Structure formats: structure tokens, C-alpha cells
Amino acid sequence: MALLQLILLACVSVGMAQDFASPDTDILAELKELKAKMEKLERENEAQAVKLRALETRLNIRESQLEEEQPVLMQLKSTVEEVKRQNADRPKVAFSATLFGAGSQHTGPFNTETTLIYKKVITDISNNYNPATGIFTAPVRGLYYFRFSGHAWGNHYMAVSLYKNEQRICSAYDEQRSGNANSSNGVTLLLEEGDRVYMRLWTNRQIFDDDGNHSTFSGFLLFPM
Ligand SMILES: *[C@@H]1O[C@H](CO)[C@@H](O)[C@H](O)[C@H]1NC(C)=O
Ligand SMILES: *[C@@H]1O[C@H](CO)[C@@H](O)[C@H](O)[C@H]1NC(C)=O
């Protein structure tokens, strides 16, 4: 402000001096214009200062919000890491196998109940199913799901059961007189680590399979417990 007044004063004096020498009315108009411009600039400056202050206030609010959110974010981050760790530690167990290997398409009849050996492994994550014995061994305590399907062919009766250790759990059978049929069953089991699950063919019964994979035995861990 002081500088502006000084400039104006100086200009006015020069203008007055010139007025005496050679009257020039335009200089006053120019000065007015200059003054108006400077005032306009000042107003604009002030308006910008107001805007800046508003921005500053908003920034401060945002900053304190971020500070408040910090612990929530940290909590979220550690939860995500925990879930990731649990997922990585979680045992991955699943298998599927079919009965047919090389050789005969019929298994049985035998004069005693016989453990079925599903020779062709389709999937076995973590290798808990043994294709040499037909036995699945639970690697951890948990809830497991098993299913099986038995194919009966021609005039042969098919009957199989799923066992948990020495205990019969569920069966599927079919007394088909002619043609063929499929019978299946499934079960959810709570197993302890080391529990064995396998399939048995009943005495004097048969089960059929070929490269069509009709007779299967599958299981997987739903979740550890
Ligand atoms: C049993 O399933 C097999 C496929 O695995 C199929 O070829 C056959 O036709 C089915 N039998 C009946 C009676 O549906
Ligand atoms: C039987 O399983 C094998 C893989 O082991 C697959 O290539 C084939 O297509 C399957 N056959 C049928 C009829 O599903």
C-alpha cells in the first residue's frame, strides 16, 4: 500500500509538473487506470489467499483423518498377513483314482471281502492315497469328504463299501440282471491324523471298470479341525 501511494504521489507530481510545462490530461486517466488495475490485482490476491486458507483447512482435516485411519489400516494389514499365513499353512489334500489298471476289467468275485485297489490315479495332491494298497491315510485331523461310484456289468452283482479304519461307513450296490448300471454314494467324515479310508468289495460280488473310468474313488479335505 505504502509503495503504491509513493508511486502515485511521484506520478502525480510529475503529471502536475508536466501540466505546467505542456498540459497533458491523459496522464491522470492513465494513473487512474493503473490504480484500478492494482486494486483489481490486490482483490484477486486476497481471493486467492482465501482459497489457499480453505485448502489448508481441508488438508489439515484430511491429515488428521489419515492419522485416525492409520491404526485401522495397520489392523487390516496384519489381518491380511495372518490370513495369508493360514492359507499357506493349510494342508492341501485331494485325490481321485479309478479302478482299472492293466489286465482284467472285472474285479471279483472272491470268496472273501477284499480291499479294492484303485490303480489309476487321476489326482493326488500331497500323496495321501496309496495306489499300491488302495488306502487313503489322513495327514491331519479334519473334516473330509469321500465319494465313490461302482459300475455293474451284465449279470454280475456289484456291491462295495467305504471303510474308515475297521468300520464300514456306507455302501453302494446293484443287483443288475441284464445291461449295466452305476451306483454311487458319498460321505463326510471327521478323521484323526492317521485314520485310514478305503473301499472293499463284498464277498462273491464283482465290480467293473475299463478305460471309461466308471468306477472311481475320490476324497478331499474340507478343512482341518
Ligand atoms: C453308467 O455309467 C457309464 C459311464 O461311466 C455309462 O456308459 C453307462 O451307460 C451308465 N449306465 C446306465 C445304466 O446309465
Ligand atoms: C479316463 O481318464 C483318462 C485320464 O486318466 C482320460 O484321459 C480319459 O479321457 C478318461 N476316459 C473317459 C471315458 O472319461
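Laid out as a table, the results:
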read-out	value
Counted charge near Gly108, where neighbours are those whose Cβ lies closer than 13 Å (Asp, Glu -1; Lys, Arg +1)	0
C-alpha long axis of helix 2-21 to longest principal axis of the chain, angle in °	40 degrees
Proximal charge balance of Ser184 [Cβ under 12 Å; K/R count +1, D/E count -1]	0
Region 88-136: trypsin sites (Lys or Arg not before Pro) in DSSP loop, at most 12 other beta carbons within 10 Å	Lys92
Computed FRET value (nearest 0.05) for Leu52 with Lys84, which takes r as the C-beta separation and R₀ as 41 Å	0.40
1.4 Å probe accessible area per residue over the chain, in Å²	66 Å²
Helix 26-89 vs. the chain, principal-axis angle (Cα, 0 to 90°, nearest 10)	20 degrees
Formal net charge of residues neighbouring Arg90 (Cβ-Cβ distance under 14 Å; K, R +1; D, E -1)	+2
Share of carbon and sulfur in the accessible heavy-atom surface of the chain [1.4 Å probe, %]	56 percent
Pairwise label distance in nanometres, Ile61 with Arg43, each label 7 Å out on the Cα-Cβ vector	2.8 nm
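The values are calculated or read from the model by the stated rules, or taken from the named source; none is laboratory data. If you're wondering where the values come from, they're calculated on a predicted model, not measured in any experiment. Neighbour counts run over all protein chains shown; Cβ positions are idealised from the backbone, glycine included. All accessible areas refer to the heavy atoms of the entire protein, side chains included, with ligands and DNA or RNA removed. Shrake-Rupley method; radii C 1.70, N 1.55, O 1.52, S 1.80 Å.
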